[in-house]
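Bear in mind that the values in this text are calculations on the coordinates, not laboratory data. Just so it is clear, the model here is predicted, and its values are computed rather than measured. In this analysis, Cβ positions are derived from the backbone assuming ideal geometry, glycine residues included, and neighbour counts consider all displayed protein chains.
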Amino acid sequence: MYLLIKLLHILAVIAFLGNITTGLFWHAQLARSQDPALLANVMRGIIRSDRLFTVPGVIGIIVSGVAMANRGGFPILGTGWILWTLLLFLASGVIFTLRVAPLQKRLLHVAEQGIAGHNFDAAQYRALALRWEIWGAASLATPFAGLALMVLKPAL
């Protein structure tokens with residue numbers, strides 16, 4: 001049973017980290033176009049993929065991680081590499097909730113305004129996109145650091 005839970009945990013981590021990584025990548029590719037229709041489409045896709053992959057990935061990571069710790073006899077708060085990974089994961093969630101998700105909605109709004117016949121404010125979009133990329137990178141770096149802790153299991 002432990003190995004099945006571990007498999008589910010790894011699949012959830014792949015979905016979670018993979019989705020964040022590819023979202024940043026595809027937006028960076030299309031942002032060069034400055035085409036509001038393409039930008040709105042990619043941002044809609046990123047927001048949708050967060051609902052389909054990131055959020056279920058978070059749930060899967062937490063549920064399977066707690067289950068593995070319990071089955072493996074690891075005290076969650078008493079095992080340094082688990083505790084620090086949880087804190088990094090929490091930091092990622094806070095960054096996503098307070099910075100990344102609101103910026104995604106603003107980017108989508110600016111792009112949709114450009115489609116609706118209003119002048120597309122490319123400079124505003126670029127400024128928001130830069131902030132989104134920075135916060136998105138922070139939201140990605142923290143769980144990747146946690147991944148390293150989970151694999152290396154240092155004595156903390």
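So, by mean Cβ neighbours within 10 angstrom, what's the order for 144-155, 124-135 with the highest one leading?
Ranked by mean Cβ neighbours within 10 Å, highest first: 124-135, 144-155.
What are the principal axis extents of the Cα atoms in the chain, in Å, biggest first?
60, 28, 21
Taking the chain as a Gaussian network, where each spring joins two C-alpha atoms under 10 Å apart, which residue of Val13, Val94, Val58 fluctuates the most?
Val94
For the ranges 40-47, 113-120, what's the packing order if you count other beta-carbon atoms within 10 Å of each residue, average per peptide, and put the highest first?
In descending order of packing, they fall as 40-47, 113-120.
Using the alpha-carbon centroid of each, what span in Å lies between region 1-74 and region 84-139?
16
How about region 1-42: which chymotrypsin sites (Phe, Trp or Tyr not before Pro) there lie in a loop by DSSP and see at most 10 other Cβ atoms within 10 Å?
Counting only loop positions with at most 10 other Cβ atoms within 10 Å, none of the chymotrypsin sites (Phe, Trp or Tyr not before Pro) in region 1-42 qualifies.
Per residue of the chain, what 222 nm ellipticity follows from adding -39500 (n - 2.57) for every DSSP H run with n ≥ 4, rounded to the nearest 500?
-27500 deg cm²/dmol
Report the calculated FRET efficiency for Arg48 and Leu147 (r = Cβ-Cβ distance, R0 = 35 Å), to the nearest 0.05.
Here the calculated transfer efficiency is 0.90.
Assuming R0 = 22 Å, can you tell me the calculated FRET efficiency for the pair Arg71 and Phe25, based on Cβ-Cβ distance, to the nearest 0.05?
Given R0 = 22 Å and the Cβ-Cβ separation, E is 0.05.
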